[in-house]
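Asker: Sharing a structure below in structure tokens format, with a few things to ask.
A short reminder: the numbers here are calculations on the coordinates, not readings from a lab. Note that the coordinates shown come from a computational prediction; the quantities given were computed from them, not determined experimentally. All Cβ positions, even for glycine, are placed from backbone atoms using ideal geometry, and neighbour counts span all protein chains on display.
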Amino acid sequence: MIDGIELAASGQESYANVQEVIARNLANANTIGFKKNTISFKTVLSGTEGSQTSTLQTDYGVDQSKGALTHTSNSLDMAIDGDGFFTLETEKGMRYTRNGQFQLSTNSEIITDSGAKLIGQNGPVKIPNGAVEIIINSNGTVKVDGKEIGRLIITNFTDLNKLVPTGDSTFAAPIEAINNDGNAKFRVAQGYLERSNVNVVMEMVDMITNMRSYEASNNVIKTFSDLMERLTSAQAL
């Protein structure tokens, strides 16, 4: 009976973790470039044969599927139609993102709203003073008033599972995970932004289902607890 309570309690903890992930997804449903967080569970056996114990292992992940592109007509808004990530320089090292909502810093560098610098082949992309027209071609070439000033670095990876979320729709990744074979298929779309890939309706359905499962586990614990209380009372007579 104790085992039953422990199993139900373990299930409740798992359902609570799922609820936290769903809440995070819903909170970022309108965040540009946000990628849906995922969670899964698996049973891990340990010990020797005949005396094995099982524990529930929680695995967190990220759904890297593409979000829909939305037209903004802002010249500093960019989206990647295809593979790859914008490359950023931050105080904590290199970061990668699908969030192409950029702006100009006080010294005319293209940055994110958190201050991370957009990186081109010659370093941070800087717009000359007095610029009138900024054009970013589909291959990432940046032209200002008809003059080419650089080309964006669109970074691709051999295994997207190696990307680690670092907040603000950015990811960190080990250098060895970067794919340098030059075969990435992408098109930079100026004046567009990639929306979150979170499906609000599906998240709400999952939340309701998860809450019901949590309540079912709670009822199991209550049932076992009532039975133990009755048994204890009966033995005391």
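Asker: About the Cα centre of the stretch 69-194, how large is the charge dipole given +1 on each Lys and Arg Cβ and -1 on each Asp and Glu Cβ? Please answer in debye to the nearest 20. List each step's numbers first, then the result.
Answerer: Values: 11 positive and 15 negative charges, 27 e Å.
In debye, rounded to 20, the stretch 69-194 gives about 120.
Asker: Kindly put VAL188, VAL132 in sequence by how many other C-beta atoms sit within 10 Å of each C-beta, fewest to most. Can you show the working numbers first?
Answerer: Details: VAL188 23, VAL132 7.
Sorted ascending by nearby Cβ count, the order is VAL132, VAL188.
Asker: Which of rounded, prolate, oblate describes the stretch 56-101, given a ≥ b ≥ c as roots of the alpha-carbon gyration tensor eigenvalues and a/c under 1.5 marking rounded, otherwise prolate only if a/b is larger than b/c? Write out the running numbers ahead of the final one.
Answerer: Values: a/c = 2.97, a/b = 1.46, b/c = 2.03.
In terms of gyration-tensor shape, oblate.
Asker: Could you calculate the contour length gain from THR141 to GLN64, that is, 0.36 nm times the residue separation minus the distance between their Cα atoms, to one decimal place in nm?
Answerer: Details: separation 77, 0.36 × 77 = 27.72 nm, distance 2.51 nm.
Taking THR141 through GLN64 to full extension adds about 25.2 nm, to one decimal.
Asker: Starting from 0.36 nm per residue, how many nanometres of slack lie between ILE178 and ASN122 once their C-alpha separation is accounted for? Write down the numbers at each step before the final one.
Answerer: Values: separation 56, 0.36 × 56 = 20.16 nm, distance 1.84 nm.
Full extension from ILE178 to ASN122 adds 18.3 nm.
Asker: On a full-extension model of 0.36 nm per residue, what is the gain between ARG24 and VAL164, subtracting their alpha-carbon distance, rounded to one decimal in nm?
Answerer: Numbers: separation 140, 0.36 × 140 = 50.40 nm, distance 1.60 nm.
Additional length available on full extension: 48.8 nm.
Asker: Which lysines, if any, have their Cα less than 21 Å from the Cα of LYS42, not counting same-chain residues under 8 positions apart?
Answerer: List returned: LYS162.
Asker: Which pairs, out of LYS66/LYS185; LYS36/LYS117; LYS35/LYS66; LYS35/LYS126, put more than 18 Å between their alpha-carbon atoms?
Answerer: Values: LYS66/LYS185 13 Å; LYS36/LYS117 24 Å; LYS35/LYS66 8 Å; LYS35/LYS126 28 Å.
With Cα atoms farther than 18 Å apart: LYS36/LYS117; LYS35/LYS126.
Asker: For the pair ARG187 and ALA16, what calculated FRET efficiency results from E = 1/(1 + (r/R0)^6), where r is the Cβ-Cβ distance and R0 = 41 Å, to the nearest 0.05? Don't skip to the end; give the middle numbers.
Answerer: Working: r = 42 Å, r/R0 = 1.02.
After rounding to 0.05, the efficiency reads 0.45.
Asker: Could I ask something else about it? Where the Cα atoms of the stretch 69-194 are projected onto their three principal axes, how long is each span, largest first, in whole Å?
Answerer: That works out to 41, 29, 28 Å along the principal axes.
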